[in-house]
Amino acid sequence: MGFPMKPAPFTRHTPRTVEEVVSALAEFAPQDGRILAGGQSLVPIMAFRMARPTHLIDINEVEGLDRLAVDGDYLSIGARVRHGAFHKPVIPSVLGQLLSFVCGHIAHYPIRMRGTFCGSLAHADPSSEWCLVAATLGAKLVVKSVRGERIVAVEDFLEGIMSTSLAEDEFLAEARLPLLPADTRFGFYEFSRRAGDFAMAAALVTYRIENGLMVDAHVGIGGAEDRARRIPEAEAVLNGKTPSPELFVAAGEAAADAIEPLEDIQTTAEYRCDLVRAVTRRALERAAA
Ligand SMILES: Cc1cc2nc3c(=O)[nH]c(=O)nc-3n(C[C@H](O)[C@H](O)[C@H](O)COP(=O)(O)OP(=O)(O)OC[C@H]3O[C@@H](n4cnc5c(N)ncnc54)[C@H](O)[C@@H]3O)c2cc1C
């Protein structure tokens, strides 16, 4: 038997304002209505009939959701901002460079020109690079519904494999990433079998140096557990120490020991721990280089 390559029938709605988005969600979410953003995850799933939403609320023409701007001490990323917006640094700062470097690891160019930053967070694939960035840097997420607005910390948003704390009638309108101090160092390293594939493990690290010692270390791991998250055990190894190859090895060991590794058809738990050991060390080496 072959696989169907066309989605089941659905009705597409095209709201023009955020108010129209949330009222459409309130009406249609109970009938399995969903947001359509870049469609780079939802449409393939629909084509394989793994999802059969009867209503799609297409946000691609909603005013204002393409906003990408600095507001005070954070970068605001609206729900229509595509991955490709980050190909070049969006702001002349460490955060702009970090986002640009990570962006090149997401899928392939055509997918990056359609898929959205907020769609990646809402989809919550454990291997998503943007979920890793959000988790490592401590993003705040602006969630809207007809009941009002709430700001959710990323650690309370990502709940598991393709699972978030969004209620069915809630819309992720904006992600807020904290700006990074100018002396922040960052390193990102991911492992996948082929370029463009989802990562089997990835690490993002940031830290600063004060008086020769590492401070404010953030070590985030993605693709290895059911969600991207910071690993405090690895951060504790680094903070207050002089950076060195031996210290980076020790941080990799701490990260590998701390995770609850996913197992799947291509990766055993032991192998995933090995990957985490390696990607953490390599991300730290890149940050120090
Ligand atoms: C071949 C291939 C390779 C890929 N490789 C990678 C990769 O390496 N790394 C990676 O991170 N991604 C990868 N992706 C996924 C891609 O990045 C998607 O763009 C992204 O995961 C989802 O964003 P989207 O805007 O396309 O969302 P959509 O596909 O439109 O939506 C995905 C889900 O999120 C919901 N949703 C979307 N936006 C919102 C919102 N604002 N509020 C509430 N719910 C919302 C939708 O209802 C749907 O359930 C790949 C995709 C393909 C097809």
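The values are calculated or read from the model by the stated rules, or taken from the named source; none is laboratory data. All values derive from a computational prediction rather than experimental measurement. In this analysis, Cβ positions are derived from the backbone assuming ideal geometry, glycine residues included, and neighbour counts consider all displayed protein chains.
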* Would you be able to tell me the number of residues in the stretch 147-173 that are out of contact with any Pro (no Cβ under 9 Å at 6 or more places or on another chain), more than 18 Å from Leu56 (Cβ to Cβ) and surrounded by 19 or more Cβ atoms within 10 Å (Cβ to Cβ)? => 3
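Considering each of Arg227, Arg272 in turn, give the residue that is within 21 Å of the chain's Cα centre (by Cα) and within 16 Å of the ligand (Cβ to nearest atom). Break it down stepwise before answering.
Working: Arg272 fails: within 16 Å of the ligand (Cβ to nearest atom).
Exactly one of Arg227, Arg272 is within 21 Å of the chain's Cα centre (by Cα) and within 16 Å of the ligand (Cβ to nearest atom), namely Arg227.
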* Asked: So which residues in the stretch 4-32 are closer than 20 Å to Val143 by Cα, modelled with pLDDT under 95 and in contact with a helix residue (DSSP H, G or I) (Cβ under 8 Å, 6 or more places away or on another chain)?
  -> none
* Can you give me the number of residues within the stretch 190-212 that are in contact with a Ser or Thr (Cβ under 8 Å, 6 or more places away or on another chain) and in a strand (DSSP E or B)? => 7
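Against the condition in contact with a Pro (Cβ under 7 Å, 6 or more places away or on another chain) and among the aliphatic types (A, V, I, L, M), how does Ala288 come out, does it pass? Can you show your working first?
Working: in contact with a Pro (Cβ under 7 Å, 6 or more places away or on another chain): yes; among the aliphatic types (A, V, I, L, M): yes.
Yes.
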* Mind listing whichever residues of the stretch 228-250 are surrounded by 24 or more Cβ atoms within 10 Å (Cβ to Cβ) and part of a loop (DSSP other than H, G, I, E, B)? => Ala228, Ile231
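Would you confirm, using the coordinates I've provided, whether Gly78 is within 12 Å of the ligand (Cβ to nearest atom), farther than 22 Å from Ala199 by Cβ and surrounded by 20 or more Cβ atoms within 10 Å (Cβ to Cβ)?
Values: within 12 Å of the ligand (Cβ to nearest atom): yes; farther than 22 Å from Ala199 by Cβ: yes; surrounded by 20 or more Cβ atoms within 10 Å (Cβ to Cβ): yes.
Yes: the conditions hold for Gly78.
I'd like to check which strands (runs of 3 or more DSSP E) are fully inside the stretch 11-70 and have at least 2 residues that are surrounded by fewer than 16 Cβ atoms within 10 Å (Cβ to Cβ) and more than 25 Å from the chain's Cα centre (by Cα). Step through it out loud before you land on a result.
On the way: elements: 11-13, 33-36, 55-58.
In the stretch 11-70, the matching strands (runs of 3 or more DSSP E) lie at 11-13.
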* Asked: How many residues, within the stretch 103-145, are more than 8 Å from the ligand (Cβ to nearest atom), hydrophobic (A, V, I, L, M, F, W, C), part of a loop (DSSP other than H, G, I, E, B) and more than 12 Å from the chain's Cα centre (by Cα)?
  -> 1
* To do: Could you identify the single residue in Ala288, Ala269, Ala201 that is among the small types (Gly, Ala, Ser) and either under 20 Å from Gly138 (Cβ atoms) or in contact with a Phe, Trp or Tyr (Cβ under 6 Å, 6 or more places away or on another chain) (or both)?
  => Ala201
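Test Asp216 against the stated conditions and say whether it is away from the ligand (no atom under 16 Å from the Cβ), at positive phi and either in a strand (DSSP E or B) or at pLDDT 95 or above (or both).
Details: away from the ligand (no atom under 16 Å from the Cβ): yes; at positive phi: yes; either in a strand (DSSP E or B) or at pLDDT 95 or above (or both): yes.
Criteria met by Asp216.
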* Structure fact -> The number of residues in the stretch 113-123 that are touching a strand residue (DSSP E or B) at 6+ places or on another chain (Cβ under 7 Å) and not aliphatic (A, V, I, L, M) is 5
* Scan the stretch 213-257 residue by residue and report those that are in contact (Cβ under 8 Å) with a residue 40 or more places away in the chain, touching a Leu at 6+ places or on another chain (Cβ under 6 Å) and more than 24 Å from Trp130 (Cβ to Cβ). => Phe248
* Evaluate the stretch 47-60: report whether one residue or more is under 16 Å from Trp130 (Cα atoms) and free of Cβ contacts under 8 Å to residues at least 40 places away in the same chain. => no
* Asked: Is there any pair with a first residue in the stretch 100-118 that is within 21 Å of Tyr189 (Cα to Cα) and a second that is acidic (Asp, Glu) whose Cβ atoms are under 6 Å apart and which are 6 or more apart or on different chains, and what are they?
  -> Val102/Glu129; His105/Glu129; His105/Glu190; Ile106/Glu129
